[in-house]
Amino acid sequence: MKVAENLKRINLQINEACQKVNRSSEEVTLIAVTKYVSIERALEALNAGISNLGENRDDSLLTKWEVLQDKPTWHYIGSLQTRKVKNIIDKVEYIHSLDRLSLAEEINKRASRKIKCLVQVNVSGEESKHGLSIEEAIPFIESLSNFEQIVVDGLMTMAPLTNNEKILRDCFQKLRELRDQIQHMQLEFAPCSNLSMGMSNDFAIAIEEGATMIRIGTALVGEDG
């Protein structure tokens with residue numbers, strides 16, 4: 001596998017999706033999800049021109065951090081246990097999985113600088129997925145107004161694993177509508193500019209529906225090193 005070749009193909013798909021809806025591809029940040037691959041493969045991704053890496057376990061992130069340090073922008077994209085916050089808080093720029101007050105309290109307590117957090121919303125309502133319901137999201141965000149080290153930078157969701165385009169579009173549209181609603185509130189601590197949605201199987205649809213961050217693992221870096 002050559003990451004550079006995969007990246008070229010994915011960038012073409014990103015451009016095509018953006019052109020369909022009159023967006024600039026510069027609006028879309030590609031996050032290489034390196035949770036299943038070696039440090040060597042992650043480094044290959046960086047050398048291919050990828051600058052954002054996503055990890056969903058603290059131990060995997062820390063192992064790669066030891067070698068790569070702050071060469072990439074680090075995104076923590078997995079469910080984050082409160083007790084693990086201290087392990088990753090000074091390593092990451094973004095946390096994509098803020099979904100409860102206890103986690104917000106720990107992030108705020110441990111952070112020595114402002115952390116860009118995305119609130120995870122379980123748009124599909126699947127029991128297997130983490131995140132707040134659509135109805136819970138705004139009250140939760142409002143409750144974060146006094147957390148000095150947290151910036152609510154956007155929303156994140158995981159769509160159902162399906163090839164049904166209507167179901168996928170519906171999921172992404174609902175997250176975008178929620179984001180627009182929050183932006184309209186003009187909360188200083190919650191600019192909510194980003195939409196983290198779309199993975200290897202559905203990122204083109206996510207882009208068409210407004211994604212600003214897409215999280216791609218298998219299609220970009222594979223599953224092993």
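Summary of values
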read-out: Some residue of the range 15-23 being in a loop (DSSP other than H, G, I, E, B), surrounded by fewer than 20 Cβ atoms within 10 Å (Cβ to Cβ) and not β-branched (V, I, T); value: yes
read-out: Hey, I207 hydrophobic (A, V, I, L, M, F, W, C) and within 30 Å of E40 (Cβ to Cβ) or not; value: yes
read-out: Every residue from the range 102-128 that is part of a helix (DSSP H, G or I) and among the hydrophobic types (A, V, I, L, M, F, W, C); value: L103, A104, I107
read-out: Selection status of E27, exposed (fewer than 15 other Cβ atoms within 10 Å of the Cβ), under 24 Å from G154 (Cβ atoms) and of a type in the set (D, E); value: yes
read-out: Members of the range 184-202 that are modelled with pLDDT of 95 or more and small (G, A, S); value: A190, S193, S196, G198
read-out: Hits in the range 128-141 (condition: loosely packed, with under 13 Cβ neighbours inside 10 Å, touching a residue at least 12 places away in the same chain (Cβ under 8 Å) and not hydroxyl-bearing (S, T, Y)); value: none
read-out: Selected residue [surrounded by fewer than 18 Cβ atoms within 10 Å (Cβ to Cβ) and outside any helix (DSSP H, G or I)] from K86, K8, K91; value: K91
read-out: Pair list, Cβ under 7 Å, 6 or more apart: the range 66-89 residue farther than 18 Å from K35 by Cβ, other residue loosely packed, with under 14 Cβ neighbours inside 10 Å; value: T82/S102
read-out: Unmet requirement for D153, which otherwise passes all of (1) acidic (D, E); (2) at pLDDT below 95; (3) buried (at least 23 other Cβ atoms within 10 Å of the Cβ); value: (2)
read-out: Residue check, Q173 surrounded by fewer than 16 Cβ atoms within 10 Å (Cβ to Cβ) and in contact with an Asp or Glu (Cβ under 6 Å, 6 or more places away or on another chain); value: yes
read-out: Top-ranked residue of the range 45-71 - restricted to ones that are surrounded by fewer than 21 Cβ atoms within 10 Å (Cβ to Cβ) and touching a Ser or Thr at 6+ places or on another chain (Cβ under 9 Å), ranked as nearest to T212 (Cα to Cα); value: N52
read-out: Restricting the range 110-127 to residues that are over 16 Å from I77 (Cα atoms) and either buried (at least 18 other Cβ atoms within 10 Å of the Cβ) or small (G, A, S) (or both), the residue that is farthest from the chain's Cα centre (by Cα); value: S112
read-out: Residue check, I205 at pLDDT 95 or above and under 18 Å from the mean Cα position of the chain (by Cα); value: yes
read-out: Failed item in (1) more than 21 Å from G210 (Cβ to Cβ); (2) surrounded by 17 or more Cβ atoms within 10 Å (Cβ to Cβ), with H75 passing the rest; value: (1)
read-out: Filter result (part of a strand (DSSP E or B) and under 21 Å from G49 (Cα atoms)) within the range 187-225; value: S196, M213, I214, R215, I216
read-out: Search result, residues across the range 43-64 that are under 17 Å from V3 (Cα atoms), of a type in the set (A, V, I, L, M) and touching a Phe, Trp or Tyr at 6+ places or on another chain (Cβ under 9 Å); value: L53
read-out: Matching entry among L144, L175, L155 (being touching a strand residue (DSSP E or B) at 6+ places or on another chain (Cβ under 8 Å), under 23 Å from Y76 (Cβ atoms), assigned to a strand (DSSP E or B) and touching a residue at least 12 places away in the same chain (Cβ under 8 Å)); value: L155
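The values are calculated or read from the model by the stated rules, or taken from the named source; none is laboratory data. Being a predicted model, the structure only gives us computed values, none of them experimental. All Cβ positions, even for glycine, are placed from backbone atoms using ideal geometry, and neighbour counts span all protein chains on display.
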